[in-house]
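The values are calculated or read from the model by the stated rules, or taken from the named source; none is laboratory data. In this text the structure is predicted, and so the values were computed from the model without any measurement.
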Amino acid sequence: MAEDHPIKSLMQTAMESIKEMVDVNTIIGDPVETPHGVVIIPVSRVSCGFAAGGGEYQQEQGNGGKDAQLPFGGGSGAGVSVQPMGFLVVNNDEVRLLPVDSNVMVDRLIDMAPKVLNQIQSMMGGKQKSELDDQEHSLQGGV
């Protein structure tokens, strides 16, 4: 049975190192509960890079026959980048994402848009109802 190539062990070592560095708790952090019952969960972006390479070099003449193993030179490397993205805030029945770096005013407006629309609809619904009541009352008074 043929021996494993040295590059295989280089790649296995690098991949095992990446597995040790990055796990699910790196991306979605441990939740923290405040005294008011609000749960805050950190969220991060993780980027990984990996490279491995090597080569076999020809031996000088006279150092061995055709079956001699060629010398191997190689290396591998890996890198991990972790960037905080924001926080998930869980409060009662509401979950919000608070980004770390963005235009906070725009995000706040987007978060408030559904509430504002609901208020406008309820105001318009109340106004339309009062107008219908006035029309109905004038019709009954005119008869």
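Given the structure, is K115 of a type in the set (K, R) and modelled with pLDDT of 80 or more? Yes; evaluated as a whole, the condition is true for this residue. Return a yes/no flag: does segment 56-75 have any residue that is part of a strand (DSSP E or B), within 30 Å of the chain's Cα centre (by Cα) and modelled with pLDDT of 75 or more. Looking through segment 56-75, none of the residues is part of a strand (DSSP E or B), within 30 Å of the chain's Cα centre (by Cα) and modelled with pLDDT of 75 or more.
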